[in-house]
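Inspection log for the structure reproduced underneath, given as structure tokens.
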Amino acid sequence: MANVSQELIDRIRDAADIVTVISPYVNLRKQGQNYVGLCPFHDDRHPSLHVSQRKQIFKCFACGAGGNAISFLMEYEKISFLEALRRLGDQVGIPVTVESHPEQKDFIAQLYDLHDAAADLYTNTLFSERGRPALAYLKDRGLSEEIIREFRLGLAPNQWDFAWNYFQKRKIRREVLQKSGLFTFTEKGQFDRFRNRILFPISNLSGRIVAFGGRALDDDPAKYLNSPESPIYHKSEILYGLHRTRDVIRKADQALLVEGYMDFLQLYQHGIHHLAAVSGTALAEQHARLLRKYVRRVTVVYDGDEAGQKAALRAGYLLLREGIDARVLVLPDQEDPDEWVRRVGR
């Protein structure tokens, strides 16, 4: 029987905003942190329908109807789960593809497993004799061993086929390796994408590793290198560290938005947990919509140089357009959040 992968369902659900979904059907008005309106599922004379943008759920306190954006469309339009998912996917720009064969689901699972195994490989390398200089570099930058292990930082050594040989010995399917983004394929052969780099695993909201960001340990002009998009990694839908911090952000109803992995880790290590990072890519509308599900206020804290402040202003304007109370914290020139928090503390 045809089915849709859980990964795709999660992507669409995470990208959608329930207030945007329900508003065409119900006249909603803001009441505190929630929205209220007349329930469409019974003869409602007094607004009984409550919609939580932070929790992404609706609940009628008169008739008991409730659920998420998908279940609202199913109940209101009297359509199937698949049709509701397709309509929601159209709204957020994510097409729904149906799996006719169980192998596709198995393929996605193998991609997740491969990234988890790669993270273990790189972390073990960082803490081996081979990784001593890279580990010393991270500690010199002020990161504790505890935070390094907690976020599973690793090392891709300066070797063209380090990870390739490792996974070849474990007989991983070639198609999985090709689609993972961990390797580059050319007419001359295949090579590790990440070489001589500190690696930062990037996780989705479910906590599964879907990509890596790599920081060069030499004078490579590409100081940072991220995984390309893949069947499990869509960069405009993921903010670094949000899977760890979203509950804190929701409770605080505010967030700090930083640019890089080191910025995030330094602030997190100093006890500042209501934050997320764009991880080396420009803030996109989908990022803003994702944040809007958890908070009403976002403070953008980018590098203090001219380029960083221009990027911060662009991010601030984008957040404002998405209905978020956005502010920009200007750091001293040539200082980034990583350096700033190490200098002044929390």
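The values are calculated or read from the model by the stated rules, or taken from the named source; none is laboratory data. All figures in this text were calculated on a predicted structure; none of them were measured in a lab. In this analysis, Cβ positions are derived from the backbone assuming ideal geometry, glycine residues included, and neighbour counts consider all displayed protein chains.
Taken together, Q159, Q168 contain a single residue that is out of contact with any Phe, Trp or Tyr (no Cβ under 9 Å at 6 or more places or on another chain) and outside any helix (DSSP H, G or I), which is Q159.
For the range 142-160, filtering for residues that are surrounded by fewer than 15 Cβ atoms within 10 Å (Cβ to Cβ), touching a helix residue (DSSP H, G or I) at 6+ places or on another chain (Cβ under 8 Å) and either in contact (Cβ under 8 Å) with a residue 24 or more places away in the chain or under 17 Å from L225 (Cα atoms) (or both) leaves 2. Consider A211 carefully, then state whether it is small (G, A, S) and more than 30 Å from Y294 (Cβ to Cβ). So A211 fails the test.
Annotation note: Cβ proximity below 6 Å between a residue of the range 188-211 that is touching a residue at least 40 places away in the same chain (Cβ under 8 Å) and a residue that is part of a loop (DSSP other than H, G, I, E, B) and of a type in the set (S, T, N, Q) (sequence gap 6+ or interchain) occurs for N196/N158; V210/N204; A211/S227.
A single entry from R327, R321, R244 fulfils the requirement of being charged (D, E, K, R) and under 18 Å from the mean Cα position of the chain (by Cα): R244.
Scanning the range 230-260 for residues that are part of a helix (DSSP H, G or I) and in contact with a Gly (Cβ under 6 Å, 6 or more places away or on another chain) returns a single hit, H243. The listed residues are Y224, Y233, and the only one of them that is under 24 Å from D10 (Cβ atoms) and either buried (at least 20 other Cβ atoms within 10 Å of the Cβ) or modelled with pLDDT of 90 or more (or both) turns out to be Y233. Residue-level analysis places L205 among those that are assigned by TED's automatic domain parsing to the domain that holds D161, out of contact with any Pro (no Cβ under 8 Å at 6 or more places or on another chain) and either assigned to a loop (DSSP other than H, G, I, E, B) or of a type in the set (S, T, N, Q) (or both). No other residue among L313, L319, L265 is farther than 23 Å from Y224 by Cα, assigned to a helix (DSSP H, G or I) and not assigned by TED's automatic domain parsing to the domain that holds E229 apart from L319. When the range 173-197 is filtered for residues that are more than 26 Å from the chain's Cα centre (by Cα) and of a type in the set (V, I, T), only T186 remains.
Can V36 be described as modelled with pLDDT under 90 and touching a Leu at 6+ places or on another chain (Cβ under 8 Å)? In short, no.
When every residue of the range 269-276 is checked against the conditions, none turns out to be out of contact with any helix residue (DSSP H, G or I) (no Cβ under 6 Å at 6 or more places or on another chain), surrounded by 23 or more Cβ atoms within 10 Å (Cβ to Cβ) and touching a residue at least 12 places away in the same chain (Cβ under 8 Å).
A136 satisfies every condition listed in (1) surrounded by fewer than 15 Cβ atoms within 10 Å (Cβ to Cβ); (2) not in a helix (DSSP H, G or I); (3) not acidic (D, E) except (2).
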